[in-house]
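Where a number appears in this text, it was derived from the coordinates with a stated rule and is not lab data. Remember, it's a predicted structure, so these values are computed and weren't measured experimentally. Please note: Cβ atoms are built from the backbone with ideal geometry, for glycine as well, and neighbour counts cover all protein chains shown.
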Amino acid sequence: MTLTHSCNTPWADNWLVDTKDEKPVHHGLSPFGKLVVEEMNRLGMIVDLAHVSVDTMKAVLNISKAPIIFSHSSAYGICPHRRNVPDDVLRLVVSVGTCLVMVNFYNAYVTCSNKASLSDVAGEEVPRWVGGGSDPPALLTPISLPTDHLDYVKKVAGAQAVGFGGDYDGVT
């Protein structure tokens, strides 16, 4: 069960808080929200963090005793859309060890534009240069960074955290 959608709930802040379109109410989870997560854990329910704020992500990852998913989110490091998972949260996923980041295939979350291809979701690594740019200055070193979301999540959070998900509401 997801804790929010596109509005704050009495127990958790949603992703629009991070865009500044909404004000935080709980700065993550309310005390009742912590009880909700604990009860979901007790019942064996999976907590879905796909629509929550970054503070909510961190709060849940720090208290949950059961597996967690991001049912349809991508990597913020590739596409800085607030519905995506930032690197510091991906690193927290590693420490928790029981979390699945199911990469979305919605264009706006994959490329931050109106168009995306399968290679943006599951492509290949290509050489880039530290500091950016395609013509490297003489003192910079080439490194290989993932250009697609699946490989990016794998590189930051580990292979055990990678999944494939989507919004099944008309996404083409």
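Before moving on, here are some points about what is shown:
- Efficiency of FRET from Cβ geometry, A108 and D21, R₀ 22 Å, rounded to 0.05: 0.90
- Taking the average, over residues, of other Cβ atoms within 10 Å as the packing measure, peptides 4-13, 49-58 rank 49-58, 4-13 from highest down.
- The smallest convex shape that holds all Cα atoms of region 1-115, its convex hull, gives 86 Å³ per residue.
- Of all lysines in the structure, those lying under 24 Å Cα to Cα from K154, and not within fewer than 8 positions of it along the same chain, are K58, K65, K115.
- Full extension of the chain between F32 and N62 yields a length gain of 9.2 nm, computed as 0.36 nm times the residue separation minus the alpha carbon distance.
- Full extension of the chain between S6 and L43 gives 10.8 nm of extra length, using 0.36 nm per residue less the Cα-Cα distance.
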